[in-house]
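Heads up, the thing below is written out as structure tokens.
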Amino acid sequence: MKDEPIVAVVCGGTSAEREVSLGSGLAVAEAFGSVFKVERIELSEESVPAQLNKKRHVVFSTLHGTFGEDGAFQSLLEAEGIEYAGCDVQSSQLTFDKVKTKAVLRDAGIPVANQIAFHRQSPPDPAEAIEKLGPAIVVKPVKQGSSIGLGFANSVEELESLLSNLKFDDWMLETMIVGKELSVGVLDGKATEIVEIRPKSGQYDYASKYTKGLTEFVVPAPLPGELEREIKGIVERTFEACGCRDYARVDLMLSQSDHPFVLEVNTLPGMKETSLLPMSAAAAGINFKALLKKLVEPAFLRFYSKYSVC
């Protein structure tokens, strides 16, 4: 009988989300340790860790942001013949770019909010943007996660101020959907339970996301059965349209008139036990250890199809 490969939990990285990744990596490595052979590898440069062996390791990445979710790390792993859990290079590259993702979803008939994409050196006129998108606007970087750089404007003056302090190159303005913020895990193409996110500030920004006590999470979200089925169907179609594999998390807004809009797809979601994907799975009866096993099993199958372990 073949020995199981070692699960290499890779965390850290070089992006602005390094600290978030380290937290996920610690939680995942500890939980995996009771089920599999595990090595936690803290990454501090954009390369494949030297200790990885394609015939002994399967990578479970908890890297967030650039060189984590953008397909770059996945591309290097594939070049080395190293199997890994989660979305492949193409789907990672696509979903890391919010503008390209929304174009794919729009073509697939999946509802998304109106937007204006731009480079920070050529920002749109604030008054014209508000005329096109409405009086309430979300400002977000095209290629960042964890709500980094997220801003909200309710006037020309507020939008003008935000546009004068942009730190990244590529940005988008988006019509603010007023309503409920939702998040849904996807395992092998099937939606788990819907999490409703209730930030006390009214906006799920970086502080609300990572400061204890600033946000309430309700799961399963209290929604009518027909609406719940509609949202889960949209989530599963989103996963398919983006070419995702294994697992992901889809974030949405539900308008006050009960119309859902997909915000983004997260291919390497936070993996602390209290993170949104584990929370969504737990409400579906899948505890944290069982979830991690489900997440890595497809990669094990791909590994066994390629390599014999002595």
- Of all residues in segment 86-144, which are assigned to a loop (DSSP other than H, G, I, E, B) and hydroxyl-bearing (Ser, Thr, Tyr)? 122
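Do we have residue 167 as touching a strand residue (DSSP E or B) at 6+ places or on another chain (Cβ under 6 Å), of a type in the set (D, E, K, R) and outside the structural domain of residue 59 (by TED's automatic domain parsing) here? First the steps, then the outcome.
Numbers: touching a strand residue (DSSP E or B) at 6+ places or on another chain (Cβ under 6 Å): no; of a type in the set (D, E, K, R): yes; outside the structural domain of residue 59 (by TED's automatic domain parsing): yes.
No, not satisfied.
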- Conditions (1) touching a helix residue (DSSP H, G or I) at 6+ places or on another chain (Cβ under 9 Å); (2) of a type outside the set (A, V, I, L, M); (3) without any contact (Cβ under 8 Å) to a residue 60 or more places away in the chain; (4) within 18 Å of residue 102 (Cα to Cα) -> residue 251 fails only (3)
- Task: Check whether at least one residue in segment 224-235 is in a loop (DSSP other than H, G, I, E, B) and at pLDDT below 95, and report yes or no.
- Result: no
- Within segment 133-162, which residues are at pLDDT below 95 and either charged (D, E, K, R) or outside the structural domain of residue 120 (by TED's automatic domain parsing) (or both)? 140, 143
- Task: Of the numbered conditions (1) in contact with a helix residue (DSSP H, G or I) (Cβ under 7 Å, 6 or more places away or on another chain); (2) of a type in the set (D, E, K, R); (3) modelled with pLDDT of 95 or more; (4) buried (at least 18 other Cβ atoms within 10 Å of the Cβ), residue 69 fails exactly one; give the number of that condition.
- Result: (3)
- Query: Does residue 199 qualify as being surrounded by fewer than 22 Cβ atoms within 10 Å (Cβ to Cβ) and either over 19 Å from the mean Cα position of the chain (by Cα) or modelled with pLDDT of 95 or more (or both)?
  - Reply: no
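Would you point out which residue out of 31, 85 is within 22 Å of residue 294 (Cβ to Cβ) and at pLDDT below 95? Working first, answer last.
On the way: 85 fails: at pLDDT below 95.
Result of the check over 31, 85: 31.
Being outside the structural domain of residue 244 (by TED's automatic domain parsing), assigned to a helix (DSSP H, G or I) and of a type in the set (Asp, Glu): is that true of residue 69 here?
Values: outside the structural domain of residue 244 (by TED's automatic domain parsing): yes; assigned to a helix (DSSP H, G or I): no; of a type in the set (Asp, Glu): yes.
No: the conditions fail for residue 69.
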- Inside segment 129-188, the number of residues satisfying the requirement of being more than 29 Å from residue 241 (Cα to Cα) and either of a type in the set (Val, Ile, Thr) or within 18 Å of the chain's Cα centre (by Cα) (or both) is 2
- Message: Exactly one condition in (1) surrounded by 18 or more Cβ atoms within 10 Å (Cβ to Cβ); (2) within 30 Å of residue 150 (Cβ to Cβ) is false for residue 58; which is it?
- Response: (2)
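The values are calculated or read from the model by the stated rules, or taken from the named source; none is laboratory data. Only a predicted model underlies this, so the values are computations on that prediction, with no experimental measurement involved. As a convention, Cβ positions derive from the backbone with ideal geometry for all residues, glycine included, and neighbour counts pool all protein chains shown.
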